[in-house]
1. Given A:Val216, A:Ala522, A:Trp612, which one lies farthest toward the positive end of the charge dipole of the protein assembly as shown, if we put +1 on the Cβ of every Lys and Arg and -1 on the Cβ of every Asp and Glu?
2. May I ask for the net charge around A:Glu742, where only other residues with Cβ less than 10 Å from the Cβ of A:Glu742 are counted and Lys, Arg are +1 while Asp, Glu are -1?
3. Let's see if you can work this out: charge +1 on each Lys and Arg Cβ, -1 on each Asp and Glu Cβ, no other charges. What is the dipole magnitude of segment A:862-1008 about its Cα centre, in debye to the nearest 20?
4. For segment B:244-364, what relative contact order do you get, as a whole percent, if you take Cα pairs closer than 8 Å and at least 6 residues apart?
5. Taking a ≥ b ≥ c as the square roots of the Cα gyration tensor eigenvalues, with a/c under 1.5 meaning rounded and otherwise prolate when a/b beats b/c, else oblate, which class fits segment A:27-88?
6. Calculate, for A:Val534 and A:Lys773, the FRET efficiency according to 1/(1 + (r/R0)^6) with r their C-beta to C-beta distance and R0 51 Å; round to the nearest 0.05.
7. I'd like the distance between the alpha-carbon centres of segment A:877-900 and segment A:57-110, rounded to an integer number of Å.
8. At what distance in nm do the modelled label points of A:Glu1055 and B:Arg302 sit from each other, each positioned 7 Å from its Cα along Cα→Cβ?
Amino acid sequence: MRLNKITHIFFLLLIFVPLLLSAQDQRLVKTKVADALALLPAADNQQATRIFKEVINLGSDGLLLITDGVQPNGVVEGIPFRYAVSLLTHYSTTKEEKAKIEHAYLAALKKSTNAEVKAYFIDNLKLVGSNESVAVLKNYIGDKDSYDQAISALVAIGTEDSKKTIADALPNQSAPAQVRLIKAVGELKYLPALASITTFTSNNNTLLKRQSLWSVALLADASSYQALLQQAKNVEFKNDPTEATTALVEYLHQMTTKGNNALVKEISKAILDNTLNTSQQHFRLAGLKALALVDPEATLAILVKERIRFDDEYKKEVLKIATASAGSAKAMKLWQKEYKKAAEADQADILRMLAKANHDEGFVEAMLLPALSSKNKPVRITAASEIASYRNKKYTPALLDYLLRSTDADELALAQSALLQVADKETDGLVAQKIESAQSKNKTALLEILAARRSVNYFDVVAKQTTSNDSTVRKAAYHALPNVSAGSNESILLKMLVGMESRNEQRAIQAAIISALDKNSAPLINELYASQKVKLLPVLPYVNDSAALEKVVSSFYHGNESEREVAFEALKNWQNQEAVRTLLAIRKNESLKKYHEQALYAFISQTEKSSWPDDQKLLMLREIMPLALNKNEKTTIIRAAGNVRTFLSLMFVSNYLDDAGLSSAASRAAMQLALPTSDAKPGLTGIEVRKILEHMLDKLTGEDSQYERIDILTYLQNLPYTKGYESIFNGKDLSGWQGLVENPIARAKMTKEVLAKKQAEANAKVKDNWSVKDGMIVFQGEGANLCTTRPYGDFEMIVDWKISKNGDSGIYLRGTPQVQIWDIARTDVGAQVGSGGLYNNQKGRSTPLVLADNPVGEWNTFYIKMIGDRVTVYLNGVLVVDNVVLENYWDRNLPIFIEEAIELQAHGTDLAFRNIYVKELGTKPYELSKEEKEQGFDLLFNGKDLNNWIGNKIDYVVEDNAIAIYPTKEGHGNLFTAKEYADFIFRFEFQLTEGANNGLGIHAPLEGDAAYEGKEIQILDNEAPVYAKLEVYQYHGSVYGVIPAKRGFLKPVGEWNQEEVYVKGNYIKVTLNGTIILEGDMKKASKNGTLDHKDHPGLNRNSGYIGFLGHGSVVKFKSIRIKDLSK
Amino acid sequence: MKKEKNINATHQSRRDFIKKSALAIGAFAIVPRHVLGGPGFMAPSDMLTKAIIGVGGMGRGHIEYEGTKVLAMCDVDKNHLKDAIALAGGNVRGYSDFRELLTQPDIDVVHIATPPHWHGIMSVMAAQAGKDVWCEKPMTKTIGEGKRVVEAMEQYGRMFRLNTWFRFKDNFYGMGTTVKPLKKVVDSGILGWPLKVTISGVTGFNWKFYWVGKTDLKPMPVPPELDYDMWLGPAQYKPYNPHRVHSTFRGYWDYDGGGLGDMGQHYIDPVQYFLGKDNTSPIRVDVDCPQQHDDAVGTWRRIEFTYADGCKIILDGENKDANVPYIEGPNGKIFRGFKSDIPNILKVIDTLPDPEPQMTVFSDSVRSRKKFGLNELNGFRSATIVNMGKIALQLGRSLDFDPVKQEFINDEAANRLINQPMRGPWKI
């Protein structure tokens, strides 16, 4: 359709394009601009550059069309034009381009009557304006709506003319404009205006005064000094609204930059003389800094005295200033003297200042190393941290020595930190060497260093200290032990453990054993285990040994109370998923209540950390959910499920969306599951997903919920309208299911009546054995299979199943046995291979690839995919059947049926099924119905390729058996039939997205605008709010601009619509979803002019191509067929 | 301007107080407080006093902070101000004009939690008033403003902290560790040189592309509680629409730069730190993005920064490379969750020397006058990267940059965006 962009241009053309141009030329420029606008905003830089080049080469006519389209902010029609202007402004790089654009903007500025639009063009001149704009901008300095933008643009242009314009404009303006102009003079440093702005420094208006003082300061003319000084004096060098003191400081800064040293000295001294109050410290510091910069020698003495003027912080700031001049020999001497006599607290600051000023090894030798032995603690600390900043290992001995001499905690911490900064491999050795002889506190610090550096080479040194007489040393040694232990230390550690009775130290040794575990450890541990159970139990969760769990379980159930406690701890710490079912059993055991809570949390965390596939993780979380007692437990399970990214997990957490206590956690989990992840995993799609996301939108709470809502809405907006998984079991009754009547071959031979009768009998029997309980389909006793009432062809399926002891069942696909389900204990029939296999296959594999069954009584999840005759099965997330042909059991000479029911097999044992979802895959090629074939229809699109089509095959792609247009790529969006048609019946289905816009061109040529050169039958989501004010001839189905259609027969967005377009000569009839929405004669309808008052040369064409005319939105088409009536 | 304060406190200068108590602090004055007794070791009378400007969103989270006591708050939205004062327990003075707040002698530190188009001006004015500054990220909206903040802090001897913190604490997004081990391994040279750092969803970073603006904002009446003219301040006048202000302002170039503005400095600053680039900037920026609207910020696909020595920072908005390492050097890679192709990398790192400790408590920095770990100098450099990216997005082209002159090479339009004009009387 031709709405916003193009209608607008037509309208403009009527008014503005000079009549001198030939009609042909007008169309060309207009069309090109329209094409460009339709592609904006450009998808990428290359496209943007290409469009920019196209537009700029259209010359002033093209630019005029664009600037004329700009509307005041907030007018929707103007948006593409603002994108075009932005493109011109930002993408122009050469002088020539900028000149063209500048001219266009100046012209637009002249023409526009809207203040906001004018300001907008002026604003754009900031980037592309040149001296040429100055004369025009001058006129806006007096305009209250755009003076600010105009002056900003003049500053950006920055030529002599613009400077002069600014200066000349200064008198006779409103005060706000004057402030802005004075600011501009300062920014441009336009000296000729100095006198003029100086007069404002004595103005009563604070804003004018402040701005002029500031600009005078920026102009940095020596003659301004007295005036600025006087103003600062007037406010006693304080902070005040005129900021006179700040202006003087800025003036000083400018003079420093200019190098006017004499004046800098003078100003600085004036500042120093007048800022004796503590509240003026910062001005004073500025003065000192400037002075120190221009005359470092002379300032030295001042700084020494100045240091102690105010408070402690000021002292430090003065020292920072002194740093710049403290590198000379003279300075060194002076400051060293000061250092000696300074208060203890200040010495360290002076030392640091000198260290910064003299960053060389000579200074380290002369000052810093000796300072490590100072009596003054802050000095020692400063020296150590300054030495460390050299990051040179040659200072290791000195720092180590310092550490050995240190006694208090601060210094030890600092010495440690300093050593860790200069450390290398040799440091570890030096440290280890000193441990033996060090005092206990220092020993502790050294042990900590070895631990921090994981010095496994010095295990022996650390181990030896575990026997120290000093308890703090022992503690530190034990603490360090895990960090320095390696596999070779295992037997020593075990010996230590055997001999150790204290619990804390046992823990440390156990931790060390754990950190030293390697492939040789298990035998060593097993050897000792019988005699040292309680001591070794804590280690077992970390040992890679198949028998370890058994030992722990035995201790838990059969050991004494203390052994049981230790064993339970071990179960909680288990490092893989092996212990999860033990924890579950504990949780279920009523006599073990005291362990219940911890068992549940350990169960959840071990399940989360396990290497199980997601399906299995979810099964385990679902297994424990009924046992959860309170909100905390349930919330933890829901959160864990939020990390298991499967469709079933989403369905699981969505059960709790309406539970007041759990809804927020469930919503967050659902969001996490459904939306794309930050590491690029795609989001979930389909109707169920959409329903859940829409349902939970208002259930999120907490700080980030407003952002999360934006995320969800954005995702929903872009979510494709695919069906996805649909539940084929409603959880309440067996609707959608029926009894089994023999087999597909036998059924096909029955008459309708016989089949109906047998079906009724079979359905009656279903009630005897099949029932629905707690959201499950349950089978008990003897009976036949349960079948879906409708057939399925290609699909993906998810189903959870559970069997009892000796259980036997299966899933029939297309009415055919079967994906096997059985109790693996039934080795007599070969069930040890596991479930999931295509049991009745004779040629292809019939057994699963691996055994992946959960124990009988637990749930299992099947994912089954069937495409054509091939089946893939995952059991509990593990691939068990890999793309194997399902053989036809009922007649082995036939291939598998194309479509048949899915059946749940009954085989005499108790069964349960839940979560039955099917996603149908439209992978079958589309075929004409028998009826249409007979009527002479031709298939234009087979669901697979675009063979019968020409035109834009980049934006139009085949997807899910449909033609989809994604206008994000290059191209202009038309796809035509390969043949031309005159009279025809054209049938197709289409699916719209929100606000989508497309069109069906008929009788169209391949060149030019099909809506006018041919005819366009509108395709549009005319229910969208943006189209509330459509003209009647723009409704869906209308012959665009010519005959209006009836509105109100489109299906909701996302559903497929059926449409037929019948054309014979000038007669046209459009039928949408069974209702005729348009019927008429196109020639007659336009006899007295078209409804849109535009020229439609296409009305005179009675033959041409049929095509989809893309207008920038996502639309899908399928089932496209045609009957050529001209034949 | 209307005052909104309740005058009950005697405005004794904090610095006077500190001067008097300097003796009591005595010999320990230079020792960082955390060495003395850990965080929390501070008498109430020893706390720095603070004022917060902008208490709508970010500012409210910072009422409680180690070593500081909030005396005053300022906001241009009366409702925000009222709510925040109530949240702080009521005993706080309220201002609607920050300039008035800056004249209060009893405030040591000004905390700037406004939208970014105010950060530069307020930082400079606070320095000119003799206050130390705590400023939210991104540091400034333009490169030019950043330069000025650096200059003003130096001129007036003020302390500045930029409020992002990953260069010195907390686990750093997808890495699952602090930046310290990254710094150690990069410093050690184990990975080789130059390094390529990729910041994407794959490596654990979220570019928050919901911070996009709308292109069809209709003018609407300004609500009575809001001083819209003051909210806009230096930004050019545009008709009011609620989407411009408060929680959605990041979607507009006039005030910020979308997800890049919001998260860019958060993510990039630690990279500057561990690459050792705190004194320099990249020499080139390349962008891949859809064309941007000139008012509303849009999304982008990729922004790539290159340093003179060949190091690169890649912002991958599309999470294009599903297996990309966070840091990649010629001799080794570090992936999300600190996984690496270097065996036992965490143990190896433990044996490497530590980086220089950083000043991590702002009140310590104010007291000792030692620069805070993330200050105006390194903060300016990491903000410059964000601002280079924003300019390249708006211009849709690659740009060359001179890190010494801090201007673009041969691109006049880009250079016109370094200093953006300020409306009315606002200057920096």
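Nothing in this text is a laboratory measurement; each read-out follows from the coordinates by a stated rule. This is a predicted model, so every value here is computed, not measured. Ideal geometry is used to build each Cβ from the backbone, glycine not excepted, and the neighbour counts take in all protein chains shown.
1. Result: A:Val216.
2. +3
3. Working: 13 positive and 24 negative charges, 65 e Å.
Here segment A:862-1008 has a charge dipole of around 320 debye.
4. Relative CO of segment B:244-364 lands at 14 percent.
5. It is oblate, given that a/c is not under 1.5 and a/b is not larger than b/c.
6. Values: r = 47 Å, r/R0 = 0.92.
Here the calculated transfer efficiency is 0.65.
7. Result: 64 Å between the Cα centres.
8. Label-label distance for A:Glu1055 and B:Arg302, simple model: 4.3 nm.
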